[in-house]
Amino acid sequence: MGENILGIKKTVKIGIIDCNNFYVSCERVFNPISVGKPTVVLSNNDGCVIARSQEAKKYGIKMGEPFFSKREFMEQKDFCIYSSNYNLYGDMSDRVMNVIRKYTNTIEVYSIDECFVDFSDTPDDELEDKMNQIRDEVKRQVGIPVSIGVGPNKTLAKLTSYLAKKTISYSGVCSYWSSKEFQKKLLDVKIDEVWGIGRKWSDKLNIYGYDTVGKFIGMDDNIIKKWTNINGLKTKMEILGMYCHPIENKIKQKKVLASTRSFGSDVNSFDQICEAMHYYIERGVKRLTDAHITPSSATIFLSGNRYKDNHHSSVYITFNRQTKDIKEIWSQVYVHLRELYDDEKVYKKCGIIFNKLFPEDIEQINLFEQEFIEIEAPKNEIKMWAMRQDYLSKKYTSSWDEIPVIRF
DNA sequence: TCTGGGGTCCTAGGACCC
DNA sequence: TCTGGGGTCCTAGGACCC
């Protein structure tokens, strides 16, 4: 190997390792009864489907489908249904990544269920062995099945992985260089399947007939730039074999941290909004503390049901100093929340987004620091806003009380 | 009456990702 | 009845400066 279909020399080998149906696979490790049965995992509030087993996909259950519209069908077909259990998934994700780290020094954890790795130093004739080893060891040690695609850049690694999954003979690992036939097939992939081309852009491209990878790379650069932005053009360049998106080996400093939730039911009381907002602040501060960062400003927002009365209001708050103190944050948030809240409206969601995050050892001095008037925290007793989780599995890996017990 | 040009910074909105 | 949450980045436009 060495050249791709367009005659460009290969210089790097980027792998994408992603967990198959990740949330479903996590549930199955601890609930083997679900293996072989159609299985889904639901979003917060048991709102919509966010993960599906192969069996569920065969029944036509779509990603993002509202649960209520398919609930009866799923019960009839004896589906296994789970509320999302992020404690479990986060922990399983760490375990998967740690196994992969034994095989490579260059890894970018791209999301909870996938990572990019650099295989450039692996000789061509050892690559497939190595990919198989990783896949087997993750399965053996963590119990999660993964797929691996490798190509000259991230976009082509993703495309390789996508196409391989659609191919029956595929056994979990696949290389861009495995055959010229394979590379030709990439040109027929629908444009909306390409990493970096989302719904809005693919709609526009489809209207003008640029509906496949092959047609997209034939487009004029300036047109692409005009219809999308610089990243759309980078996507074309990567499909042509250029290397535009390097692997981010270091953990990136977060720029914002959001803590928000939809309510379990509609809310039209200020006291309940306060309870919810205070709770989200507590959760957000916990995550700020874990990440060793401190905010100096935040945006709070209140919004209605986006499928009914789609109202939204927000306010940007600069704290009197950089702070992680819940009382201090609450006292400043409360004043603005009071102003934002409208008695006439019904709310479905609220939250806080912390901005201007600094590492906790760097203190930003504010010359005009003011004292704050402390506002009492709301009493947590109504909880109409609390989210629904009717199908929650246990914290098998992160709570001593819920560790699975094996009986002989 | 006529009303520059170039630069930075900030924000809102909209696209993308999982 | 019931429709997720948490991110990043780009661009346009306004404020402000000289």
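Scanning the range A:256-305 for residues that are free of Cβ contacts under 8 Å to residues at least 40 places away in the same chain and either of a type in the set (Asp, Glu) or touching a Pro at 6+ places or on another chain (Cβ under 8 Å) (or both) returns a single hit, A:290.
Within the range A:188-215, being under 27 Å from the mean Cα position of the chain (by Cα) and in a helix (DSSP H, G or I) holds for A:191, A:192, A:193, A:199, A:200, A:201, A:202, A:203, A:204, A:205, A:206, A:213. Checking each residue in the range A:24-71 for being charged (D, E, K, R), within 30 Å of residue A:260 (Cβ to Cβ) and surrounded by fewer than 19 Cβ atoms within 10 Å (Cβ to Cβ) picks out A:57, A:62, A:65, A:71. From the list A:91, A:113, A:125, the one residue that fits, being away from DNA strand C (no atom under 13 Å from the Cβ) and modelled with pLDDT of 95 or more, is A:91. Taken over the range A:56-88, the residue count meeting the criterion of being in a strand (DSSP E or B) and not aromatic (Phe, Trp, Tyr) is 4. Confirm whether residue A:202 is in contact with an Asp or Glu (Cβ under 7 Å, 6 or more places away or on another chain) and over 23 Å from residue A:12 (Cα atoms). So residue A:202 passes the test. Within the range A:273-302, the only residue that satisfies the criterion of being charged (D, E, K, R) and surrounded by 20 or more Cβ atoms within 10 Å (Cβ to Cβ) is A:275. Filtered by the rule that a residue be touching a Phe, Trp or Tyr at 6+ places or on another chain (Cβ under 7 Å) and among the acidic types (Asp, Glu), the range A:113-158 gives a lone residue, A:113.
Looking only at the range A:323-364, filter to residues that are of a type in the set (A, V, I, L, M, F, W, C) and within 16 Å of DNA strand B (Cβ to nearest atom); which one of those is modelled with the lowest pLDDT? If we take residues in the range A:323-364 being of a type in the set (A, V, I, L, M, F, W, C) and within 16 Å of DNA strand B (Cβ to nearest atom), then A:358 is modelled with the lowest pLDDT.
A search for C-beta distances below 6 Å between a residue of the range A:40-66 that is among the polar types (S, T, N, Q) and any residue that is in a strand (DSSP E or B) and away from DNA strand C (no atom under 13 Å from the Cβ), counting only pairs 6+ apart in sequence or on different chains, returns A:53/A:39. Residues in the range A:128-153 that are among the hydrophobic types (A, V, I, L, M, F, W, C) and in a helix (DSSP H, G or I): A:131, A:134, A:138, A:142. On the given criteria, is residue A:37 outside any helix (DSSP H, G or I), within 15 Å of DNA strand B (Cβ to nearest atom) and not assigned by TED's automatic domain parsing to the domain that holds residue A:161? Spelling it out, it is not the case that residue A:37 is outside any helix (DSSP H, G or I), within 15 Å of DNA strand B (Cβ to nearest atom) and not assigned by TED's automatic domain parsing to the domain that holds residue A:161.
Which members of the range A:195-213 meet the condition of being within 13 Å of DNA strand C (Cβ to nearest atom) and without any contact (Cβ under 8 Å) to a residue 24 or more places away in the chain? Hits for the range A:195-213 are A:198, A:199, A:200. Candidates in the range A:177-220 are the residues that are of a type in the set (Phe, Trp, Tyr) and more than 9 Å from DNA strand B (Cβ to nearest atom); of these, the one that is nearest to residue A:125 (Cα to Cα) is A:177. Can you tell me which residue is nearest to DNA strand C (Cβ to nearest atom) among those in the range A:49-76 that are of a type in the set (D, E, K, R) and under 10 Å from residue A:39 (Cα atoms)? That would be A:52.
The values are calculated or read from the model by the stated rules, or taken from the named source; none is laboratory data. Quick caveat, the model's predicted, so the values are computed rather than measured. All Cβ positions, glycine included, derive from the backbone under ideal geometry; neighbour counts span all protein chains shown.
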